[in-house]
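What follows is a single structure, written as structure tokens, with notes after it.
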């Protein structure tokens, strides 16, 4: 048995301490407090299922009508699925172009950075930036009126499900591009030539060779995009005009009223839902093996 | 696969790519343009003249919110997060080159921190400090500590809870970059240093760090920009001290003049200045390196 490596332990200590103090302990506390009781002005140490019961109140008895919680989750799942599909298609196409059609390394790096730079700027600004385009008197409506496609400005362009999805795709496609591009970089081009020589069409090569080899990248990108959207309330808040429900928003509101135990219970359920999705995805592909 | 002539699919894909880039940058370009609206101009086109009126208004302050204080706070916090991220990720990256007790657990936790929804982390930290406050106040009453009873308000703050929240977001990126760096790192350099009698510290200081400095600058860029723009995790964890993104979010619902675009333009300018100077620095280092060979070891002479 090898002696513990003290230098390495010392080196990892600062990082470990940060995650212990600001990640593990808070999560454990959240789990504990989700079983506490609360009144209007205080939280009370206890062991009660009250918070969970209230979240699922009437959820089973009223089926097939959906209770608030199920409705909120359903709406969030819908957003997640649509944004996932769009970011996947766009992210894959962009990565494919960068990897297989851009010939020089320098150009690949430059174009890749071009996709990455917005990621380092403010998300809120990137959301606000859609207002002059999508507003009732925005550019899109002005253009549509001009060419006579519509008689009056469309009002579903902004502060709607449409604008929420648009903003999500705008903000998070990069999370698909990076892992998929990374997977594609590992594909040996002789594999593609072999497929071509064996008589596969471009489409067949794509479906039977490229996509399977990109599976880990696709899985990692999907995990990123889905978990971000499941917990989001800022984008849905700003781009939905504060009208669309989300689980993040429920938690946020409960915290503002200092109903910590209720918020904690919601957070635990959200986390469980997210972990189940990730578990499902890791069943499709062994991510740890691919890192 | 790659003939001398471009296939038709190249042009389709190039068109998609171009459209994607326009989609990414177009809206930003429009708010920059609209921030130069004339004094009579509104939130959308047409432009009513060109002026810096809204920047002047911004300079005087946006209503009741002291935007410049938020700006200074965000920059200060960003710098602290940046330094911590670089130092902690580098140290942990070095640790992960050896086997140590709990390595896979630490790795698991770090990756989890990326995929646990931000609102959950934010709530957890907010809750933690709320409970800590209760404990502090209880102690104050119990032992009659004058300071606690009279002046204590909260343990939450920019450099306690918010700093912690930001690090849970920046460190995973930093560590993953360090993994990528050390996977490609040629250990022969270190062995040579050791053979020449360098101590472990000297090896890191004069051999390893000079070789990986471009990547460390990259980690610094991630650390600063992710913190400077971070919102989701800060929301519940910043207490009463608003950072710039928090104020920006508040302003989206209250400000109905191009002033908000002016603020957006300023924020973007800061981000772009940092991104481009960092990328420039990395390129300069790479170029100097390819011209002169690595300068690792120069520090010893």
Can you spot a residue in the range A:25-48 that is part of a helix (DSSP H, G or I) and either at pLDDT below 90 or under 30 Å from residue A:166 (Cβ atoms) (or both)? no
If residue B:48 satisfies every condition in (1) away from chain A (no Cβ under 11 Å); (2) more than 30 Å from residue B:243 (Cα to Cα); (3) touching a helix residue (DSSP H, G or I) at 6+ places or on another chain (Cβ under 8 Å) but one, which is the exception? (3)
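So that you can scan it fast, the table gives a plain yes or no per residue for (1) closer than 30 Å to residue B:130 by Cα; (2) not in a helix (DSSP H, G or I):
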residue	(1), (2)
B:185	no, yes
B:191	no, no
B:194	no, no
B:201	no, no
B:209	no, no
B:215	no, no
B:219	no, no
B:223	yes, no
B:234	yes, yes
Specify the residue that is farthest from residue B:229 (Cα to Cα); the eligible residues are those in the range B:91-128 that are more than 7 Å from chain A (Cβ to nearest Cβ) and buried (at least 24 other Cβ atoms within 10 Å of the Cβ). B:93
How do the pairs read when you match residues in the range B:155-177 that are closer than 13 Å to residue B:220 by Cα with residues anywhere that are not in a helix (DSSP H, G or I), using Cβ under 8 Å and keeping only pairs 6 or more apart or on different chains? B:175/B:96
Residue under evaluation residue B:138, criteria (1) assigned to a helix (DSSP H, G or I); (2) over 20 Å from the mean Cα position of the chain (by Cα); (3) within 11 Å of another protein chain (Cβ to nearest Cβ), criterion not met: (3)
Verdict on residue B:280 being over 28 Å from residue B:41 (Cβ atoms), in contact (Cβ under 8 Å) with a residue 40 or more places away in the chain and either surrounded by fewer than 16 Cβ atoms within 10 Å (Cβ to Cβ) or within 21 Å of the chain's Cα centre (by Cα) (or both): no
Just a yes or no: is a residue in the range A:249-261 closer than 24 Å to residue B:246 by Cα, modelled with pLDDT of 85 or more, assigned to a helix (DSSP H, G or I) and in contact with a strand residue (DSSP E or B) (Cβ under 9 Å, 6 or more places away or on another chain)? yes
Looking at residue A:226 and the list (1) surrounded by fewer than 19 Cβ atoms within 10 Å (Cβ to Cβ); (2) under 13 Å from the mean Cα position of the chain (by Cα), which single condition is not satisfied? (1)
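The values are calculated or read from the model by the stated rules, or taken from the named source; none is laboratory data. Since this is a predicted model, take the numbers as computed values, not measurements. Every residue, glycine as well, gets a Cβ built from its backbone with ideal geometry; the counts of neighbours run over all protein chains shown.
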